[in-house]
Amino acid sequence: MASRSEVGQWGEGIAAKYLIDHGYVIRHRNWRHGHGELDIVAALGERIHFVEVRLRRSEQFGKPEETLDARKQAKLIATAQAYLEQHDLLDQPAQIDVIIIELGPRNAITRLEHLEAAIEA
């Protein structure tokens, strides 16, 4: 059985491929600052997209999008702000998106949804 981090990296790989296939340029993966991490930092035109990937094999513990509580959202916002500051991109339009991936039997993707601007600063 794959570890949680291996499954997370696999899901982020699926999300990155999805973004690339839709014209995004991946700037960073797993960018860390302090105690926060951005799964994917991508660009589409001039806009910076901070993409949080939520992958689940079942809804036993809720839908993937339901796992983004207020604390996690605040951490994402703070980490995205730190990224913009560190890379001198404060003038760039930016948003935080969520890509939801649900897996069925044999890890078949049963849902892949890109929620744009899902988290508001």
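The values are calculated or read from the model by the stated rules, or taken from the named source; none is laboratory data. Note that this is a predicted model, so its numbers are computed, not measured. Don't worry about glycine lacking a Cβ; one is built from the backbone with ideal geometry, like all the others, and counts go over all protein chains shown.
Quick one: in region 65-93, of everything that is charged (D, E, K, R) and surrounded by fewer than 11 Cβ atoms within 10 Å (Cβ to Cβ), which residue is farthest from ILE119 (Cα to Cα)? Among them, the one singled out is ASP88.
Out of everything in region 13-45 that is at pLDDT 95 or above and part of a loop (DSSP other than H, G, I, E, B), what residue ends up being farthest from the chain's Cα centre (by Cα)? My answer is GLY45.
In region 104-121, the residues that are within 17 Å of GLY13 (Cβ to Cβ) reach residues that are at pLDDT 95 or above and exposed (fewer than 12 other Cβ atoms within 10 Å of the Cβ) with C-beta atoms within less than 9 angstrom, at least six apart or across chains, in these pairs: HIS114/HIS22.
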